[in-house]
Amino acid sequence: MPADPPRQIAPLPAAWAPACVVLPLATLVFQLLTHRGYGFFRDELYYLASAEHLGLGYVEHPPMIALVAWLVRSALGDSLLAARLLPAVAHGALVALAAMLAREMGGGRRAQLLAALATAVAPAYVGLCGILSMNAFDLVFWTALWLVAARALRTGDTRWWLWFGVIAGAGLQNKISVLFLGFGTVAGLAVTRRWRVLRSRHLWVGGAVAALVFLPHLVWQWQNGWPTLEFIANATREKNVALSPGAFLGEQVGTMGALAAPLWIGGLAGLLAARRLGTFRPLGWAYPVVLAVMLASNSKPYYLTPAYTVLFAAGAVLVEGIRWSRVRSIAAPALAVMIALGGAMSLPLVKPVLSTDAFLRYSAAIGQTPRPEERHEMGRLPQMYADMHGWPELAANLATVYHALPARDRERACIFVRNYGEAGAVDVLGAPLGLPRAISGHNSYFLWGPRGCTGDLVIALGAGRGDYEEAFASVEQAGVHTCTDCMPYENNLSIWVLRGARVPFAAYWPRVKRYI
């Protein structure tokens with residue numbers, strides 16, 4: 001293998017509108033038509049609530065998602081459609097970028113369409129782009145970085161690495177997992193001996209630009225005692241389900257679509273060994289490097305999903321380049337049909353397009369049972385779907401207790417809940433019901449403090465009487481929150497009215513901190 005292959009600056013194939021425009025728009029429309037699902041997802045409520053606390057950082061994530069939520073709430077309000085509009089746009093953009101990535105690798109119409117189709121129907125992408133979170137935008141940042149890196153390698157123009165740094169810095173302000181891609185790319189360049197690139201000042205200036213863009217969040221982390229590191233350590237130790245390497249890889253096949261596996265596995269093999277894709281070999285080596293780091297850090301399987309657009313693109317280019325015309329004429333359409341069929345079969349498992357009962361019948365028919373993603377007792381629904389149930393009922397039940405109080409008590413009452421999902425439901429769904437803002441010790445809610453709560457009168461959700469009697473003079477049960485098909489730990493929760501905190505609430509606050 002030559003250390004630095006000669007530049008290949010042959011003209012690129014034309015961008016094909018069905019792959020680069022029509023299919024991305026169709027993906028966007030599909031996401032919008034199916035946006036309602038079962039309701040708000042737990043994390044969506046948290047991010048929408050974060051819009052009221054704009055800053056340079058949060059316990060589990062950098063600041064971009066809160067800014068996105070603020071823009072959404074300011075322009076469009078708090079509806080499900082408003083919350084899920086930009087993730088749907090991100091999925092459409094992702095499909096277009098995948099087609100462009102295939103084109104960058106020399107792919108013509110068939111390759112562009114095959115890469116775009118695989119990206120449009122990949123189960124992980126359909127699910128992650130169906131809700132408001134960092135993950136939808138993380139997919140776009142990673143794929144944009146793959147595209148820029150491919151352009152830099154194809155043209156030999158090291159100035160493209162400056163743009164890599166700019167995009168990486170912005171991506172880090174969305175989700176720090178972009179660090180995995182940056183490390184994997186540099187490692188790939190080293191493994192393939194691309195010394196000219198590694199010696200280029202543009203590569204390292206790009207890295208400095210990324211660090212500079214990310215610096216404000218790092219300063220915030222330092223000022224707040226590095227909460228994200230504490231959160232990751234606690235989650236790894238106490239919450240996340242540890243997977244063996246085999247189970248982790250098995251999850252990759254499932255989340256990216258079993259019938260699409262030949263495309264991305266072929267793409268990986270081609271990037272590592274095929275002469276046609278030799279220019280882009282560093283990108284192929286980035287995948288096993290990132291995989292190894294994620295396995296070593298006990299990451300969740302879906303963290304690796306942004307890596308597959310480059311493999312889809314490479315695989316599509318190889319399929320299009322099959323030498324035997326008779327095989328080539330059959331292979332691409334057959335693979336496209338397989339991928340589309342796999343996407344249709346997996347759709348109810350990643351996006352709530354069926355009623356709850358219909359989903360349960362479907363999942364039973366194909367032998368799917370809910371597998372815990374975290375160390376929680378499971379109900380009859382997967383955690384992703386269970387966490388879309390019960391939030392309007394929670395806000396309504398708390399509102400019933402709150403409005404039953406005398407007016408003079410309501411003026412000084414505060415609402416204390418156990419986790420950010422419950423708190424987000426109070427802040428977003430409870431606002432039209434007249435509820436005051438929630439307080440909680442969970443993650444960023446701890447940093448937002450007790451919001452002036454004195455502890456004279458607190459409406460608390462969950463736990464038992466004995467958990468409150470030591471801290472309050474009066475403990476009275478005023479209701480019970482129940483929900484159907486929510487996570488079991490969110491069901492049958494007592495609602496307490498607590499009066500007369502024995503210790504000033506501000507002094508008690510450090511004891512409620514919980515980063516996990």
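Once the Cβ-Cβ distance of Leu249 and Ser474 is raised to the sixth power relative to R0 = 51 Å, the FRET efficiency obtained is 0.40.
Order of 125-132, 37-44, 364-371 by packing, highest average Cβ count within 10 Å first?
Details: 125-132: 25.8, 37-44: 21.4, 364-371: 10.8.
In descending order of packing, they fall as 125-132, 37-44, 364-371.
With a cut-off of 8 Å between alpha carbons and a minimum separation of six or more residues, what is the relative contact order of the chain in percent?
17 percent.
Remark: the chain carries a charge dipole of roughly 2160 debye about the Cα centre, counting +1 on each Lys and Arg Cβ and -1 on each Asp and Glu Cβ. When Phe231, Phe248 are compared by accessible area at a 1.4 angstrom probe, the order from most to least is Phe231, Phe248.
Across the options His389, Leu405, Leu335, the greatest Cα extent toward the positive end of the charge dipole of the range 301-410 (unit charges at beta carbon of Lys, Arg, Asp, Glu) belongs to Leu335. Placing unit charges on each Cβ (+1 for Lys and Arg, -1 for Asp and Glu) gives the range 1-83 a dipole about its Cα centre, and among Leu25, Gly57, Ala83 the Cα reaching farthest toward its positive end belongs to Leu25. Annotation: peptides 214-222, 355-363, 489-497, ranked by per-residue average of other Cβ atoms within 10 Å with the highest first, follow the order 489-497, 214-222, 355-363. Using the Cβ-Cβ distance between Trp204 and Ala26 with R0 set to 35 Å, the FRET efficiency works out to roughly 0.30. The heavy atoms of Val178 present about 0 square angstrom of accessible area, all protein chains included, probe 1.4 Å. With a simple spin-label model that places each label point 7 Å from the Cα along the Cα-to-Cβ direction, the separation between Arg410 and Leu12 comes to 6.0 nm. A simple count of charges around Ile131, restricted to other residues whose Cβ falls under 12 Å of its Cβ and scoring Lys, Arg +1 and Asp, Glu -1, yields +1. Counting Lys and Arg as +1 and Asp and Glu as -1 over every other residue whose Cβ lies under 12 Å from the Cβ of His53, the net charge comes to 0. Computed from the Cβ-Cβ distance with R0 of 22 Å, the FRET efficiency linking Arg511 to Arg237 stands at 0.60. Evaluated with a Cβ-only charge set (Lys, Arg +1; Asp, Glu -1), the range 472-516 carries a dipole of roughly 380 debye about its Cα centre, given to the nearest 20. Over the chain, dividing the summed -39,500 (n - 2.57) contributions of all DSSP H runs of at least 4 residues by the number of residues returns a 222 nm mean residue ellipticity of -17500 deg cm²/dmol. The H on the amide N of Gly479, modeled in the peptide plane, is under 5 Å from the matching H of Ile495, each at least 5 residues off or on a different chain.
How would you order 450-458, 498-506 from highest to lowest mean count of nearby Cβ atoms within 10 Å? Don't jump to the answer; show the numbers that get you there.
On the way: 450-458: 18.1, 498-506: 15.3.
The most tightly packed comes first, giving 450-458, 498-506.
The phi torsions of the range 487-502, fed into the Karplus equation with coefficients 6.51, -1.76 and 1.60 and a -60° offset, translate into couplings of 4, x, 6, 9, 9, 6, 9, 6, 10, 10, 10, 10, 10, x, 4, 6 Hz, rounded to whole numbers, with Gly and Pro shown as x.
Rounded to the nearest whole Hz, the Karplus-based 3J(HN,Hα) values (6.51 cos²θ - 1.76 cosθ + 1.60, θ = phi - 60°) of the range 38-45 follow the sequence 9, x, 4, 7, 3, 5, 4, 5, with x at glycine and proline.
Here is the short version for the chain: Cys20, Cys129 have no other Cys C-beta closer than 4.7 Å. Per residue, the accessible area of the range 421-476 comes to 33 Å², computed with a 1.4 Å probe over protein heavy atoms only.
For Ile415, the amide hydrogen comes within under 5 Å of the amide hydrogens of Ile439, Ile459, counting only partners 5 or more places away or on other chains and with H modelled in the peptide plane. In order along the range 278-288, the phi-based Karplus estimate (6.51 cos²θ - 1.76 cosθ + 1.60, θ = phi - 60°) of 3J(HN,Hα) comes to x, 4, 9, 4, x, 5, x, 6, 4, 4, x Hz; Gly and Pro are listed as x.
The values are calculated or read from the model by the stated rules, or taken from the named source; none is laboratory data. All figures in this text were calculated on a predicted structure; none of them were measured in a lab. Cβ atoms come from the backbone with ideal geometry, glycine included; neighbour counts cover every protein chain shown. Heads up: the accessible areas ignore ligands, DNA and RNA and are worked out on the full protein's heavy atoms, side chains in. Shrake-Rupley method; radii C 1.70, N 1.55, O 1.52, S 1.80 Å.
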